[in-house]
Amino acid sequence: MEKLDLSRRGFVAGALAAPAARAQNAAASGRLRVANVGCGRRGLLKELIQLKDSANIEIAAVCDTWRQKREKAAADVKEFTGKEPLATAHLAEVLARPDIDAVIIGTPDHLHCAMLMEAIKAGKDVYIEKPLAMNMKELVRAYDAVKRSGRIVQVGTQIRSYPNTAGAKKLLESGALGKILKVEQVRNGYSPYWMSYGGDSFFGQKPEAADVDWKAFLGDRKARPFSAEQYQGWYGYRDFSRGPHTNLMVHFIDTVHYTTGAGIPKRVVALGGTYRWKGEFDAPDSVEVVLEYPEGFLVRYCTVFGTGAGNYAKWFGTRATLDARNLSPSQKWTVSGQGSGEPDRVKEEFEVTPVEMPHHMQNFLDCVRTRQQPVAPIEAGYAHSVAVIMADEAMVTGRRMTYDAARREVVPG
């Protein structure tokens with residue numbers, strides 16, 4: 001797969017409806033026409049360009065509220081595919097195109113559910129970035145809309161598609177670790193990602209109000225004067241993204257659910273605050289979350305921004321411990337009997353055998369054709385969203401939170 005140096009930034013909003021039966025036609029013709037909505041730092045356009053031949057796709061549209069980023073995305077598509085896509089600031093223009101089969105959404109967190117529902121209403125299949133939702137009201141509405149529609153939805157928790165993760169899932173299912181007692185991740189960094197994600201090439205370019213569709217970026221958030229800081233550093237503002245326990249933790253929690261088969265946590269407690277990076281950002285720079293699962297184990301997640309030391313991800317069982325090396329896809333994950341006193345404990349350390357998996361985006365595109373469910377379906381997004389919403393409510397209120405399955409609500413308890 002060729003390496004591309006493609007910068008992506010910016011975000012979108014909009015709405016409309018369109019016809020719904022293109023996927024079957026695309027499957028018959030063999031070529032899918034897709035749109036990238038939100039051409040930002042997440043790199044989804046780069047993935048599409050890299051997969052254009054193997055996945056047999058045409059990138060028909062790019063959509064972003066930042067003019068320069070939108071133009072750069074369109075130029076990249078033309079350079080690497082030979083075709084000039086539709087370039088627009090408005091999702092409505094994309095969804096009104098009946099020839100577009102699927103939309104790939106990589107916008108700020110607060111726009112995910114609204115855009116997912118509009119795309120589903122327009123009859124499109126959707127790849128949607130995580131976290132799926134920021135509150136239970138929008139989560140329930142989006143989940144129900146997807147389930148009624150029959151559309152294919154892949155959530156962007158791509159760690160599910162790592163060969164190491166699939167190998168770990170197979171290992172846990174075999175009982176090699178014994179009964180799982182606890183799973184932990186510590187994911188620290190010197191500075192918050194909202195101050196560094198994208199690097200100098202991103203933060204060195206300041207958006208101007210004249211080049212940004214600020215209203216579309218805000219979506220349903222309270223109107224305010226244009227702020228380049230909020231637009232560019234939205235990860236650090238709780239209006240647009242709650243913090244590391246609802247962003248970084250999503251990857252970990254989803255991986256826990258996938259490997260253990262667990263669903264929604266039973267109870268959650270959390271603490272957090274800003275201890276190092278004082279300033280205008282209101283997302284916490286440090287969080288500590290403990291989740292209890294009805295399957296009978298605890299999960300702990302911790303982030304401290306101010307030090308990059310102490311990172312790890314481990315599954316602790318009665319027979320063995322799985323060391324997942326901070327969920328790195330490039331490192332070898334290992335299993336040892338460290339800490340176990342059981343007669344049947346693992347005696348010698350061994351490596352997790354990777355299980356080959358399709359690229360996460362490739363899996364989505366394949367499922368658009370076959371109409372099979374992808375590796376990270378809407379149910380996975382619902383479960384991880386409930387977990388992180390519980391964590392945020394616990395941190396904000398200082399109370400232990402539970403999930404009321406009958407009412408699909410997060411409540412103290």
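Read the figures in this text as sums done on the coordinates, not as results from a lab. Every value quoted in this text rests on a predicted model; they were computed, and no experiment measured them. For neighbour counting, all protein chains shown are included, and Cβ atoms are generated from backbone atoms with ideal geometry for every residue, glycine included.
Summary table
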| item | result |
| --- | --- |
| Local electrostatic count, GLY243, Cβ distance below 11 Å [Lys/Arg +1, Asp/Glu -1] | -2 |
| Percent of Cα-Cα distances greater than 31 Å, calculated over the chain | 39 percent |
| Peptides 123-134, 336-347 ordered by average Cβ neighbours within 10 Å, highest first | 123-134, 336-347 |
| C-alpha center-to-center spacing [the stretch 321-371, the stretch 72-134] in angstrom | 32 Å |
| Protection proxy ranking of 383-394, 362-373 - average other beta-carbon atoms within 10 Å, highest first | 383-394, 362-373 |
| Helical segments meeting 18 Å axial Cα length and Kyte-Doolittle 0.0 threshold in the chain (DSSP H) | 248-260, 378-397 |
| Among ILE49, ILE104, TYR162 - extreme Cα towards positive end, dipole of the chain, charges at beta-carbon | ILE104 |
| Extreme residue, positive dipole direction of the chain, given options SER174, GLY317, VAL411 (C-beta unit charges) | VAL411 |
| Other-chain or far-sequence residues with amide H under 5 Å of ARG267's (modelled H) | GLU292 |
| HN-Hα J in Hz across the stretch 262-277 - Karplus 6.51, -1.76, 1.60, θ = phi - 60°, x for Gly and Pro | 6, x, 8, x, 7, 9, 9, 10, 7, 10, x, x, 10, 10, 10, 9 |
| Residues with amide H under 5 Å from that of LEU86, placed H, sequence gap 5 or more | ALA61, VAL62 |
| Interchain or long-range residues, amide H under 5 Å from SER191's placed H | GLY306 |
| Given charges at beta-carbon only (K, R positive; D, E negative), |dipole| of the stretch 316-413 in Debye | 200 debye |
| Distance violations [Cα-Cα > 19 Å] among LYS179/LYS314; LYS83/LYS130; LYS46/LYS124; LYS169/LYS332; LYS72/LYS130 | LYS83/LYS130; LYS46/LYS124; LYS72/LYS130 |
| Within the stretch 241-306: Cβ-based charge dipole about Cα centre, in debye rounded to nearest 20 (Lys, Arg +1; Asp, Glu -1) | 100 debye |
| Electrostatic dipole magnitude of the chain [Cβ: Lys, Arg +1; Asp, Glu -1; Cα centre; debye, to 20] | 500 debye |
| Neighbour net charge for ARG325 - beta-carbon separation under 10 angstrom, K R +1, D E -1 | +1 |
| Within the chain, percent of DSSP bridges classed antiparallel, to nearest 5 | 60 percent |
| Total formal charge among the other residues, if their Cβ is under 13 angstrom from that of TYR143, Lys/Arg +1 and Asp/Glu -1 | +3 |
| Dipole of the chain, positive direction: furthest Cα of TYR275, VAL368, PRO265, with charges on the beta-carbon | PRO265 |
